[in-house]
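Undergrad: Let me give you the structure first, and then I'll get to my questions.
The values are calculated or read from the model by the stated rules, or taken from the named source; none is laboratory data. As the structure is a prediction and not an experimental result, all values here were calculated from the model. Because the Cβ atoms are built from the backbone with ideal geometry, glycine has one as well, and the counts that use them run over all protein chains shown. In case anyone asks, the SASA skips ligands and DNA or RNA and just uses the protein heavy atoms, side chains included. Shrake-Rupley method; radii C 1.70, N 1.55, O 1.52, S 1.80 Å.
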Amino acid sequence: MDQPLLHDPAKRSKALMALALVCFFWGTTWIATKEGVAHMPPLQMAGIRQLLGGACFVLFFLARGMAFPRKKEWVPVLVLSVLNFMLSNTLSAWGVKYIPAGLGSIISAIFPLWLVFIVMIVDKETVKRQTITGILLGFAGICVIFYEHLASFLLSEFRFGILLSLAATFSWAFGTLYTKKQAARFNPYFSLGLQMVISGIVLISVSAASGHSIPLGSIPSESWWAIAYLLLFGSIISFVAFLYALQHLPTEQSSIYAYINPIVAILLGAYIFKEPITVFIICGTIITLYGVYLVNRAAKKLT
């Protein structure tokens, strides 16, 4: 249920400031991720980031006397570790190694489209006209954006990056539904830390076993700075700020970060990596985000 607007102007201002931090910093994480994976294996970088970030959350709750999950409570922790981190977070990081960071962020924003598709198929929900319009607009916008990337589809690495990014959004949609319908009554924030730690250990192990890793001493400073940024601003500060905003602002208002993050990523991608901003990208992004907005309104009722 949505939280009512705060009547205390000072607290509401803090909540809006927290939301602004989320809108900006989660948009910048795409740039930091692209910089990080440019200098080291993506799975290894994602694993290190998740392990360190998860450790911060786990140690915090253990220090406050939180107990570990009991038997069946581990099931949703393990499942969500796979869906949200081993797959979604990792695949999106891997994907931006081969495609522009701005494009990766736009693709990530379409997960409500998958959400509605999954619910339609599994639960056989009746789809409203507004939802269908949103889905059509979302995919139309993506087609507009991809128009200028048609030549890039001849490159196998670009196709691979797009496939990874799409798979990441699909996994995130499943994780969202599972969280709502199957997760046990266990502290969700402590659970998040455990999921990250488990995923981090698995990813680092898989990366090392497959030969797609480099010694810690050989990781360049660019990647370490990217990991540090993702850890501090992407995981800790932004997550705490998002929780504060979610607790003190209506859910619909708090969710606007999903529409601002791609804009931040596109602008910074153009400034830092010289990724082009064209009329097709601008128009396609506007169409896509509006379509996602329409679908997202329906998704809130379905989940």
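Undergrad: Counting only residues that are within 15 Å of Val295 (Cβ to Cβ) and either open to solvent by less than 10 Å² (accessible area, probe 1.4 Å) or of a type in the set (Phe, Trp, Tyr) (or both), how many does segment 84-108 have?
TA: Summing the residues that are within 15 Å of Val295 (Cβ to Cβ) and either open to solvent by less than 10 Å² (accessible area, probe 1.4 Å) or of a type in the set (Phe, Trp, Tyr) (or both) in segment 84-108 gives 2.
Undergrad: Inside segment 50-77, can you point out the residues that are within 25 Å of the chain's Cα centre (by Cα), modelled with pLDDT of 90 or more and surrounded by fewer than 15 Cβ atoms within 10 Å (Cβ to Cβ)?
TA: Hits for segment 50-77 are Leu59, Phe60.
Rundown of residues vs (1) touching an Asp or Glu at 6+ places or on another chain (Cβ under 8 Å); (2) modelled with pLDDT under 85; (3) of a type in the set (Ser, Thr, Tyr), yes/no style:
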residue	(1), (2), (3)
Ile260	no, yes, no
Glu275	no, yes, no
Thr278	yes, yes, yes
Ile282	no, no, no
Ile287	no, no, no
Val292	no, yes, no
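Undergrad: How many of the residues in segment 153-183 are modelled with pLDDT of 75 or more and either open to solvent by 70 Å² or more (accessible area, probe 1.4 Å) or in a loop (DSSP other than H, G, I, E, B) (or both)? Show your work before the answer.
TA: Kept after step one, since they are modelled with pLDDT of 75 or more, are these residues of segment 153-183: 153-178.
This time we only want the ones that are either open to solvent by 70 Å² or more (accessible area, probe 1.4 Å) or in a loop (DSSP other than H, G, I, E, B) (or both), so: 154-157, 159-160, 163, 170, 172, 174.
Number of matching residues: 10.
Undergrad: Output yes when any residue across segment 187-196 is touching a residue at least 24 places away in the same chain (Cβ under 8 Å), in a helix (DSSP H, G or I) and surrounded by fewer than 17 Cβ atoms within 10 Å (Cβ to Cβ), and no when none is. Please lay out each step first, then the result.
TA: Let us first name the residues in segment 187-196 that are touching a residue at least 24 places away in the same chain (Cβ under 8 Å), namely 187, 189-196.
Those still in the list that are in a helix (DSSP H, G or I) too: 189-196.
Now drop any that are not surrounded by fewer than 17 Cβ atoms within 10 Å (Cβ to Cβ), which leaves 189.
There is at least one residue in segment 187-196 that is touching a residue at least 24 places away in the same chain (Cβ under 8 Å), in a helix (DSSP H, G or I) and surrounded by fewer than 17 Cβ atoms within 10 Å (Cβ to Cβ).
Undergrad: OK, next. When you look at Ile118, is it at pLDDT 95 or above and either over 14 Å from the mean Cα position of the chain (by Cα) or under 26 Å from Ile142 (Cα atoms) (or both), yes or no?
TA: Against the criterion (at pLDDT 95 or above and either over 14 Å from the mean Cα position of the chain (by Cα) or under 26 Å from Ile142 (Cα atoms) (or both)), Ile118 does not qualify.
Undergrad: State whether one or more residues within segment 139-157 are under 27 Å from Leu192 (Cα atoms), of a type outside the set (Val, Ile, Thr) and under 24 Å from the mean Cα position of the chain (by Cα).
TA: Quick first cut of segment 139-157, residues under 27 Å from Leu192 (Cα atoms) only: none.
Checking segment 139-157: not a single residue is under 27 Å from Leu192 (Cα atoms), of a type outside the set (Val, Ile, Thr) and under 24 Å from the mean Cα position of the chain (by Cα).
Undergrad: Another question, then. In segment 209-249, which residues are open to solvent by less than 30 Å² (accessible area, probe 1.4 Å) and either part of a helix (DSSP H, G or I) or among the β-branched types (Val, Ile, Thr) (or both)?
TA: Ile219, Ser223, Ala226, Ile227, Leu230, Gly234, Ser235, Ser238, Ala241, Ala245, listed by residue number.
Undergrad: Taking interchain pairs and intrachain pairs at least six residues apart, which have beta carbon atoms under 9 angstrom, with the first residue in segment 56-75 and within 19 Å of Thr179 (Cβ to Cβ) and in contact (Cβ under 8 Å) with a residue 40 or more places away in the chain and the second assigned to a helix (DSSP H, G or I) and among the small types (Gly, Ala, Ser)?
TA: Phe57/Gly193; Phe57/Ser235; Val58/Gly193; Phe61/Gly193; Pro69/Ser191; Glu73/Ser191
Undergrad: Within segment 100-152, work out how many residues are more than 21 Å from Ser88 (Cβ to Cβ) and not in a helix (DSSP H, G or I).
TA: Result for segment 100-152: 9.
Undergrad: If you scan segment 70-85, which residues turn out to be among the aliphatic types (A, V, I, L, M) and out of contact with any Gly (no Cβ under 9 Å at 6 or more places or on another chain)?
TA: Result: Val75, Val77, Leu78.
Undergrad: When segment 266-280 is examined, which residues are found to be part of a helix (DSSP H, G or I) and in contact with a Pro (Cβ under 9 Å, 6 or more places away or on another chain)? Explain how you work it out, then say what you get.
TA: Our first condition is that a residue be part of a helix (DSSP H, G or I); within segment 266-280, this holds for 266-272, 279-280.
Once the filter is applied, which keeps residues that are part of a helix (DSSP H, G or I) and in contact with a Pro (Cβ under 9 Å, 6 or more places away or on another chain), segment 266-280 yields Ile266, Gly269, Ala270.
Undergrad: Return the pair list, or none, for Cβ contacts closer than 6 Å from residues in segment 265-284 that are in contact (Cβ under 8 Å) with a residue 12 or more places away in the chain to residues that are of a type outside the set (D, E, K, R) and outside any helix (DSSP H, G or I), at least 6 apart or on different chains.
TA: Gly269/Pro100; Ala270/Ile277; Glu275/Pro100
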